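Worksheet: one structure, shown below.
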Amino acid sequence: MGRGKGGKFHKNNKKQLAKHFKKKKEKKVEVVNKKALFNRYKNKQKVEEENLKKEQLERKLKQQQAAYSESEEEEDPYGMLVSCFSQPKKQKVVIDSDESDSEQEPEHESGDEDMASEQGDMASENGDDKGGGGDDSEQDSEDMQDEDEEDSNLEIKVKSSNKAENEEQDSSNDPFIKHLQYELGEDLLVTLSNPSPENLDQVEKTWPMLGNISVTIPKPVKLKAKVKPKISLLEEKPSAPTGTVPQMASTDFKHMFIKSQIHGNIVSANKTNLIKNDLELTEVFTPLQRELFGIMNNYQDLYYPERTFTNAEEIRFTYCLHVVNHMLKTRTKILHHNSKLGKKTDPSEEYRDQGLVRPKVLILVPFKSAAYKVVKTLMDILVPKEAGQVVNKNRFEEEFTGNELAMPQKNPKPEDYELMFSGNTDDTFRLAMTLTKKTLKLYTDFYSSDIIVASPLGLRMIVGAEGEEDRDYDFLASIEVLIMDQTDVFLMQNWDHLLHCLDHFHLQPQKTRDTDFSRVRSWAINGWSKYYRQTLVFSSVALPEIKSILNHKCQNYAGKAVVANPCEVGAIQQVLLQVPQIFHRFNASSPLAAVDARFEYFVKEVLPKQRDPLMSHTLIYVPSYFDYVRIRNYFKKEDIGFVQICEYSKDGKIARARDMFFHTEAHFLLYSERVHFFRRFRIKGIRHIIFYQPPTYPHFYSEMCNLMQESNQNKYGGSEFNMSVTTLMCKYDAARAAAVAGAARVAAILRSDKPVHMYITGE
């Protein structure tokens, strides 16, 4: 009996299912009929519109012919006919159920959504069939939802097409699309290809945090009008727009054009990366970050020379957010085009969305500890805890942590030294990573990666030198965003490594590397990638060497923004001793000529006085290693008694040189700036200091001067009243000297007729 009843119940179930699917098929047929009726109604309306327009045109033609016969003037009837047929462009609006007067979205876009919804319905049906265990009440409720959705399907389609159009219009204002989508016009290209362009717009702005900002934007030149052959009446290819003056970023993600998938991670990631947690719950950015992101998001080059250990985390988070946002937009665009190209056989120009190679972002930092912080910030923004995955994370943790310097406890190093060299200080590394929707893959191959984090030395080892067999620089061909953080430290390491790598950007690749040239942007094929690259430079001091990179190695067509604030109070205010500080100004015609002019002035004007026995215990501080070698060779040639300490000196020789200098066995101590940066020695016995050039870091000036205090002196080495500080400078050292003595003092020195100026601490 149980089996019979069960069989009967099973048969009833089958009948109910058959009725259910029959109803669904009838509903679908009904929907198709509704669609057909709607399309027929729409076509009928279009035919009526066209007939009405034809009647209006015929009336106009008759009126014009009558006017022509009356006025007896000679006119072109063909031109009149064409002018009659010219109509204003139609605007796309939402179509109500009873109105269809305006033009709709292209059918293929809304058609994709229809297909997706139908496929989703089919998938849900298949899932119900396979699952086979739903309640009748649940099925009834799903049927009711299906009926409601199908009844309002037409209205939703029209509204969704309009929504997609609005989103497309909004995306057209996205700086990412504005900067990378279009090809350069011939008039703007002429300006950019000029080594010293004159057609530039200079705009000065003052913002609360950044201060004075000098914005330079290249403008197109006026070319003689040339008649270009018309390929098609409808073809009008837009050119890349000229750069615009940056604005401070708003607090709305939509107005900042930040990808929606990282909206929920930004505030929490920002809080974890800030040293001082002074970010309010309602705030997205700190005031400094708002201003920095406003320039970055405008895709202009940026030079910010006021990086400190306090704002370092704010800066790092801002450019990491910009990098993630840039890469997500790139990835979304490529995937969107991939889906569209699957339905087309002949790809058009609009689907060009890639470069000659895949890597798009290069971040240069000096040490592994800095690279570690950059990658951790990228993780916090893209894949926070329990929301994503990081491949090879354990290997990364092992290689980029540890190997920390042991800081002495008895005679502690200065605070800035401990902050600079905390963490792994290895300067030979490179790390490539690939970014997906919810995954960050570390240690990927360069040519299958999106972001590269490296040091100048690590990059130089791959780029190699001319003549080497095992060298590669093709991966630098399509870099769209270049970030150089702590650029001043590169100057202390080896500036030539950085310059050499920058010379190998955007060169023609030696191999094709499976590049799909139908997807490569036209401007990349034309060799114009250097005009589209955005460069962000951050340093703690304003130096002409760094600024020259922006002037000679960066040619962004959107322009550049340089932060330039005068140094009101120099490091001279931090000198604690009452010692005369003398500034010698010499003349030079160019920065290159200043090298020889400085040496001649030093040998003829300064050195003879310092060789007097009363001027013993003289330390010569030399910022450039090339100048250091030149002075050392001169001292050896002239048989002048001296000892030397540089970055290549061994510990034994350093200890012996310090001992001889303290006990008056050597008149001079030749001391390089790089050894002071990396070792921070406290030299004892100094009574006179000669700064061969103003130091790179202004606080080194006061730091060296304060070593002359009485507790560090040899009481048998000379009179405590016989002390002096001498600095050599020319007009090309104005930036360095201003950071030492203050902008007002240096301006007075450069304007004065006298070459020698003396200041006393406290003045």
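In the stretch 471-494, the condition of being closer than 28 Å to Pro695 by Cβ, open to solvent by 40 Å² or more (accessible area, probe 1.4 Å), at pLDDT below 95 and more than 20 Å from the chain's Cα centre (by Cα) is met by at least one residue.
Screening Glu468 against (1) farther than 19 Å from Leu192 by Cβ; (2) touching a residue at least 24 places away in the same chain (Cβ under 8 Å); (3) more than 19 Å from the chain's Cα centre (by Cα); (4) open to solvent by 10 Å² or more (accessible area, probe 1.4 Å) leaves a single unmet condition, (2). Reported count of residues in the stretch 558-581, each being open to solvent by less than 40 Å² (accessible area, probe 1.4 Å) and in a strand (DSSP E or B), is 5. The residues on offer are Lys385, Lys329, Lys333, and the sole one that is free of Cβ contacts under 8 Å to residues at least 12 places away in the same chain and either crowded, with 16+ Cβ neighbours inside 10 Å or not in a helix (DSSP H, G or I) (or both) is Lys385. Scanning the stretch 182-205 for residues that are free of Cβ contacts under 8 Å to residues at least 40 places away in the same chain and either part of a helix (DSSP H, G or I) or crowded, with 17+ Cβ neighbours inside 10 Å (or both) turns up Glu186, Asp187, Val190, Thr191, Ser193.
Within the stretch 698-711, the set of residues being part of a loop (DSSP other than H, G, I, E, B) and more than 15 Å from Thr727 (Cβ to Cβ) comprises Leu707, Gln709.
When Tyr447 is tested against (1) assigned to a strand (DSSP E or B); (2) touching a residue at least 60 places away in the same chain (Cβ under 8 Å); (3) open to solvent by 20 Å² or more (accessible area, probe 1.4 Å), just one condition goes unmet, and that condition is (1). Just checking, does the stretch 202-211 include any residue being more than 16 Å from Ala561 (Cα to Cα) and among the basic types (Lys, Arg)? No: zero hits. Taking the criterion of being closer than 18 Å to Ser193 by Cα, out of contact with any strand residue (DSSP E or B) (no Cβ under 6 Å at 6 or more places or on another chain) and among the β-branched types (Val, Ile, Thr), would at least one residue in the stretch 487-499 satisfy it? The answer is no, given that none of the residues of the stretch 487-499 is closer than 18 Å to Ser193 by Cα, out of contact with any strand residue (DSSP E or B) (no Cβ under 6 Å at 6 or more places or on another chain) and among the β-branched types (Val, Ile, Thr).
Kindly establish whether Gln534 is open to solvent by less than 40 Å² (accessible area, probe 1.4 Å), at pLDDT 95 or above and at positive phi. Here the answer is no, as Gln534 does not meet what is asked. Checking each residue in the stretch 698-731 for being under 33 Å from the mean Cα position of the chain (by Cα) and surrounded by fewer than 20 Cβ atoms within 10 Å (Cβ to Cβ) picks out His699, Lys731. Restricting the stretch 509-537 to residues that are within 15 Å of the chain's Cα centre (by Cα) and in a strand (DSSP E or B) leaves a set whose member that is farthest from Val323 (Cα to Cα) is Val537.
The requirement of being at pLDDT below 90 and open to solvent by 30 Å² or more (accessible area, probe 1.4 Å) is satisfied by Glu349. Taking the criterion of being in contact (Cβ under 8 Å) with a residue 40 or more places away in the chain and among the aromatic types (Phe, Trp, Tyr), the only residue of the stretch 253-272 that qualifies is Phe257. Selection of the stretch 513-529 for residues being touching a helix residue (DSSP H, G or I) at 6+ places or on another chain (Cβ under 9 Å) and either surrounded by fewer than 19 Cβ atoms within 10 Å (Cβ to Cβ) or of a type in the set (Phe, Trp, Tyr) (or both) yields Arg513, Asp514, Phe517, Ser518, Arg519, Ser522, Trp523, Trp528. Under the condition of being outside any loop (DSSP other than H, G, I, E, B) and closer than 17 Å to Gln493 by Cα, which residue from the stretch 420-438 is farthest from the chain's Cα centre (by Cα)? By that ranking, first place goes to Asn424.
Of the residues screened, Leu356 is one that is part of a loop (DSSP other than H, G, I, E, B) and under 25 Å from the mean Cα position of the chain (by Cα). Considering the conditions (1) in contact (Cβ under 8 Å) with a residue 60 or more places away in the chain; (2) assigned to a helix (DSSP H, G or I), His497 is excluded by exactly one of them, (1).
Per the listing Lys376, Lys441, Lys410, the residue uniquely open to solvent by 50 Å² or more (accessible area, probe 1.4 Å) and assigned to a strand (DSSP E or B) is Lys441. Within the stretch 539-554, the residues that satisfy the criterion of being of a type in the set (A, V, I, L, M, F, W, C) and part of a loop (DSSP other than H, G, I, E, B) are Val541, Ala542, Leu543, Cys554.
The values are calculated or read from the model by the stated rules, or taken from the named source; none is laboratory data. Quick caveat, the model's predicted, so the values are computed rather than measured. Backbone-built Cβ (ideal geometry, glycine too); neighbour counts: all protein chains shown. Just the protein is used for accessible areas: all its heavy atoms, side chains included, with ligands, DNA and RNA removed. Shrake-Rupley method; radii C 1.70, N 1.55, O 1.52, S 1.80 Å.
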